[in-house]
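The values are calculated or read from the model by the stated rules, or taken from the named source; none is laboratory data. Here the structure is a predicted model, which is why all the values come from computation and not from measurement. Ideal geometry is used to build each Cβ from the backbone, glycine not excepted, and the neighbour counts take in all protein chains shown. Areas reflect the complete protein model, heavy atoms only, side chains present, ligands, DNA and RNA absent. Shrake-Rupley method; radii C 1.70, N 1.55, O 1.52, S 1.80 Å.
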Amino acid sequence: MLETLLFLLPSITGIRQARSGRRLGMRGAILLAFAVATLTVLVTWIGGWRQIALEKWSEGKWNPGGPSWQERLVPLVVVSWPVVYLLAMLSVQHRADKSKPLI
Amino acid sequence: MKLGQWLINKITRTLEPELQDAVVGDVAELKMSDRRAICELVGLVVRRQAQPWKTWRPWLALVGIVGPVGVLLSRISAGVVTSFSIQAIAYWKYGVPYSSGLTEAQEIESLVCFSLAVICWSWVGGFALGTLSGDAFYVNGTLFCLVWFCLCGPLQMLIYSARLVLNALHLMPHTALPHNLAQFIFFAALP
């Protein structure tokens with residue numbers, strides 16, 4: 001149920017909006033990229049909290065280990081790449097539109 | 001209606017509406033046997049479905065989004081749901097939060113942040129998939145939903161439930177429930 005809300009519904013909404021020909025404006029794409037980047041950084045940072053909390057709780061005697069921030073960041077960068085693609089495509093389109101002669 | 005005619009109708013319906021009448025007309029005009037007509041129609045559908053795959057975009061959607069993004073998002077969202085479920089069960093059964101070393105505020109912040117991130121990544125992934133796939137959307141969309149179905153949807157739940165029941169009946173050793181793909185395949189392959 002919750003997986004459907006978190007993953008399937010937003011994906012299907014995105015697919016349907018793309019299929020219906022909805023275009024992201026340059027401003028929308030930049031905002032989206034900013035939101036994705038912020039959330040990626042936040043998730044990377046928050047992902048290390050548990051490790052730090054356990055180390056603190058044991059007064060440094062127990063280090064539970066776990067992935068470093070770089071290792072946590074890699075899969076998040078992979079799931080974020082579509083926004084880079086969207087941004088790149090839009091900027092190419094934007095440049096092409098600008099270079100078109102007015103008459 | 002004969003099975004052959006029924007199949008011909010079904011296959012014809014998968015074609016674009018403007019093509020359907022022409023194809024039905026051709027089949028009737030050429031007076032083909034049902035078997036021959038089915039073979040020809042399947043060939044036509046396959047050729048038309050293969051057409052969009054001649055460009056690089058649907059391939060990028062398949063290799064770049066359906067594969068890695070679908071699998072990773074399934075795993076991340078399964079992790080978020082597991083954390084959420086643990087907290088919900090602890091509150092419901094014992095009236096206290098499950099302590100993993102974080103404060104209550106930190107737990108809430110982490111759940112909200114992870115949930116928002118998964119929603120955002122999923123929408124962007126879906127949008128890029130829809131944009132890149134073009135006419136190959138049916139294949140890529142089906143595969144994307146299949147990834148969800150197998151890795152964090154009903155099939156995964158079914159395997160979890162089956163393992164819980166088998167553990168409870170002492171029919172299986174008490175090991176951690178499968179959470180990653182390797183374990184998933186290992187447990188799924190168990191007789």
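Name the one entry in B:Leu19, B:Leu41 that is open to solvent by 30 Å² or more (accessible area, probe 1.4 Å), of a type in the set (A, V, I, L, M), more than 13 Å from every other protein chain (Cβ to nearest Cβ) and out of contact with any Leu (no Cβ under 6 Å at 6 or more places or on another chain). Spell out how you get there, then give the answer.
Working: B:Leu41 fails: open to solvent by 30 Å² or more (accessible area, probe 1.4 Å).
Only one candidate passes the filter, namely B:Leu19.
Taking first residues from the range B:152-176 that are over 20 Å from A:Leu2 (Cβ atoms) and partners that are modelled with pLDDT of 75 or more, the Cβ contacts under 7 Å between residues at least 6 apart in sequence or on separate chains come to B:Met172/B:Arg163; B:Met172/B:Leu166; B:His174/B:Asn167. Of note, B:Arg35 does not satisfy the criterion of being charged (D, E, K, R), outside any loop (DSSP other than H, G, I, E, B) and either within 21 Å of B:Tyr138 (Cβ to Cβ) or in the same structural domain as B:Gly125 (by TED's automatic domain parsing) (or both). Taking each residue of the range B:38-64 that is at positive phi and looking for partners that are assigned to a helix (DSSP H, G or I) and loosely packed, with under 14 Cβ neighbours inside 10 Å with beta-carbon atoms closer than 9 Å, six or more apart or interchain, yields nothing.
The selection criterion, being open to solvent by less than 60 Å² (accessible area, probe 1.4 Å), within 30 Å of B:Gly101 (Cα to Cα), within 11 Å of chain B (Cβ to nearest Cβ) and not acidic (Asp, Glu), does not hold for A:Gly65. Looking across the range B:94-113 at every residue that is part of a helix (DSSP H, G or I) and open to solvent by less than 50 Å² (accessible area, probe 1.4 Å), the one that is farthest from B:Arg75 (Cα to Cα) is identified as B:Glu107. When A:Val79 is tested against the conditions (1) in contact with a Phe, Trp or Tyr (Cβ under 7 Å, 6 or more places away or on another chain); (2) in contact (Cβ under 8 Å) with a residue 24 or more places away in the chain, the lone failure is (2). All conditions but one from (1) out of contact with any Lys or Arg (no Cβ under 9 Å at 6 or more places or on another chain); (2) at negative phi; (3) at pLDDT below 90; (4) open to solvent by 30 Å² or more (accessible area, probe 1.4 Å) apply to A:Ala53; the one that does not is (4). Quick check on the range B:114-139: of everything there that is within 8 Å of chain A (Cβ to nearest Cβ) and β-branched (Val, Ile, Thr), which residue is surrounded by the most Cβ atoms within 10 Å (Cβ to Cβ)? Checked the range B:114-139; the qualifying residue surrounded by the most Cβ atoms within 10 Å (Cβ to Cβ) is B:Val124. For the subset of the range B:66-79 comprising residues that are open to solvent by 10 Å² or more (accessible area, probe 1.4 Å) and within 9 Å of chain A (Cβ to nearest Cβ), which member is nearest to B:Ser133 (Cα to Cα)? By that ranking, first place goes to B:Pro68.
Can you pull out every residue in the range A:26-42 that is touching a residue at least 24 places away in the same chain (Cβ under 8 Å) and open to solvent by 40 Å² or more (accessible area, probe 1.4 Å)? If you could, list the steps in order and put the result at the bottom.
Going residue by residue through the range A:26-42, those that are touching a residue at least 24 places away in the same chain (Cβ under 8 Å) are A:26, A:29-30, A:32-33, A:36-37, A:40.
Listed by number, the residues that qualify are A:Met26, A:Ile30, A:Ala37.
On the basis of being more than 9 Å from chain B (Cβ to nearest Cβ), over 22 Å from B:Gly64 (Cβ atoms) and either touching a residue at least 60 places away in the same chain (Cβ under 8 Å) or of a type in the set (S, T, N, Q) (or both), does A:Ser91 make the cut? The answer is no for A:Ser91.
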